[in-house]
Amino acid sequence: MPPNWEAPDAGSSIAGQGMRVLGVAIREEKWIFTLAVIGSAVYGFTTVASANVLGRVTDAVVLPAFRDGRVGYGALVAGIAAILGVAALKVFGIIGRRVWAGIMQYRLQATYRRRLTRQYLRLPLSWHHRHPTGQLLSNANADVESAWMPIAPLPMAVGVVVMLLTSVVAMLVTDLVLSLVGLLVFPAIALLNIVYQRRLAPLAARAQQLRAEVSEIAHESFDGALVVKTLGREEEEAARFGARAEELRDANVRVGRVRGLFDPVLEALPTFGVLAVLAVGSVRVAAGAMPAGDLVQVAYLFTLLAFPIRALGWVLGDLSRSVVGWNRIRSVLDATGAAPHGDRTLTGDGAAAVRMEGVAFSYTGPGADVLHDVDLAVPPGRTVAVVGPTGAGKSTLAQLMVRLVDPGAGRVTLDGVDARELARTELPRATALVPQQTYLFDDTVRGNVALGLDETGEVSDDDVWAALRVAQAERFVKALPDGLDTRVGERGATLSGGQRQRIALARAVVRRPRLLVLDDATSAVDPRVEARILAALRDTTAGGKPVSVVVVAYRKATIALADEVVYVDRGRIAATGPHADLLTREPGYRALVEAYERDAEERAEQAAGGDEEAVA
């Protein structure tokens, strides 16, 4: 979490919340902020100094020129040197202010994108189930940018406060009456800002929310492109996206209208102050109450006030959106549920023993358990098939074994050690899960199998080929145009479903796990190939060591290869034992397996019939 951040009360003002957000930014990048403010302060001082120089040049050079018809060479050179010197210092101040302010803004954006990403990876899968991917993308992109949008003008605004105070002091010293006349604009500016923030805050919040929703819809449509196209839903999806995009457009237009009204009025107020000063000052000069040079200096100082007021307006204008973006970021950074880790290690080297003791689990909360009082043991080196109807809790069992989620009750142990007590890296080293939905990156075959291990030297090409042999993928990979260097496209678009599953299986095998969990991971593979895969896994992994295998299966041929079958029904372990034994004594299990078998036979007959028609 950010240092020293205190969550604002629900009733606190946008300005108050915004100041807290800016305070976070200043504390996190205090040295860069200091350098930017110094540059801005130099700019402020030199800007005020230029007004003083201009007044003196008016009295010493301009007025004598009109009065006497000539100008002394020395006075002219001194005036030019003073103006150029102040201008040079102002240039250095502007460069320092802009460079360091930009660095500060982009550093904060990078920092918070990294923090959000680390938090996403820490939070358990159950948290991700409740948050759309599009929203998470919006948090890490649009919300981060919005939160730190005021940072670029912030050092300038802080620095020009120096300029503002210096200008006011210089005006008061020069002429008290004119200063009081001009300073009447400040109460008007304060009132304008209050009205502006109240109008803009809800509009900015709505626009930010719509920006996230547009991202969510786009992600769903692109991620589900296959479904959209096969069902001919392109127009409907385009209309759904277009409707929300139009809402976002309208919300941004409403924000723009408010800002479009605020900015000109804010910039006009100092001009009204200048006009008032000139009107009163010309009368005072005509009456001999003040010299013309003082009037020029005060009027010029008021023209300079327009810039610091505009700079403050930039910060205030972005403050509402910044608060909305920050609150959305903070909702992620404050999220609880990250799986805690202990410091225990696994000492075994062969196949792992897994046990579940009184395990219960719910995705939505108490009273909605999908698993109830599960007791399950997987002995080392055994192949266990988990069988059950749809929705029985098979995939949840698989996720619990590799600790993608933690049980609500009971415990899961690996070699007798509670998974929650293991150090962070122990489970990934000892276990591997191949899920139902295969995901391949837009990378080479080697990159998808090794997934970074080749870069660290932990896995060689020989290891990759060995894993591909276990997964029965060696032959088709060698037939690819570039072998291991063949790019497979996004999500493995250039490969068949069975090929993708075998690449994913090789990815798990190459890590030499002691426990391999296959969640219906060979459903798209030919039954004969699947049998060869399971036979290879029953013996050794690619590393030559035995492995415990848990496979969520529905094919009769696959189930028959297992040493033991676990029959799951309605979130409970209904029966365990050899496949032949369960067929005899469990009517529900027998009916389920036979139904799976009939379905497989019907699909095979349909496919064969289609092939015959094609030949005819």
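I'm trying to understand the selection: among the residues of the stretch 553-579, which are touching a His at 6+ places or on another chain (Cβ under 6 Å) and among the basic types (Lys, Arg)? Hit for the stretch 553-579 is ARG572, nothing else.
Residues that are among the polar types (S, T, N, Q) and part of a strand (DSSP E or B) within the stretch 553-587 comprise just one, THR576. The residues on offer are ARG330, ARG321, and the sole one that is over 16 Å from LEU261 (Cα atoms) and at pLDDT 75 or above is ARG330.
Only one entry of ALA504, ALA432, ALA493, ALA467 meets the criterion of being hydrophobic (A, V, I, L, M, F, W, C) and without any contact (Cβ under 8 Å) to a residue 12 or more places away in the chain, and that entry is ALA493.
Of the residues PRO132, PRO155, PRO124, the single one that is buried (at least 21 other Cβ atoms within 10 Å of the Cβ), modelled with pLDDT of 70 or more and either assigned by TED's automatic domain parsing to the domain that holds VAL37 or in contact with a Lys or Arg (Cβ under 6 Å, 6 or more places away or on another chain) (or both) is PRO155.
Output the residues belonging to the stretch 274-298 that are among the small types (Gly, Ala, Ser), at pLDDT below 70 and surrounded by 14 or more Cβ atoms within 10 Å (Cβ to Cβ). Result: ALA292, GLY293.
Note on the stretch 538-552: among residues that are buried (at least 24 other Cβ atoms within 10 Å of the Cβ) and at pLDDT below 75, the one that is nearest to VAL384 (Cα to Cα) is THR541. Scanning the stretch 481-495 for residues that are assigned to a loop (DSSP other than H, G, I, E, B) and in contact with a strand residue (DSSP E or B) (Cβ under 7 Å, 6 or more places away or on another chain) yields one hit, THR486.
Restricting attention to the stretch 570-600, the residues that are touching a helix residue (DSSP H, G or I) at 6+ places or on another chain (Cβ under 6 Å), modelled with pLDDT of 80 or more and among the charged types (D, E, K, R) total 1. All conditions in (1) touching a residue at least 24 places away in the same chain (Cβ under 8 Å); (2) surrounded by 13 or more Cβ atoms within 10 Å (Cβ to Cβ) hold for ASP485, with the sole exception of (2).
The values are calculated or read from the model by the stated rules, or taken from the named source; none is laboratory data. Fair warning: this is a prediction, and the values are worked out from it, not measured in the lab. Neighbour counts run over all protein chains shown; Cβ positions are idealised from the backbone, glycine included.
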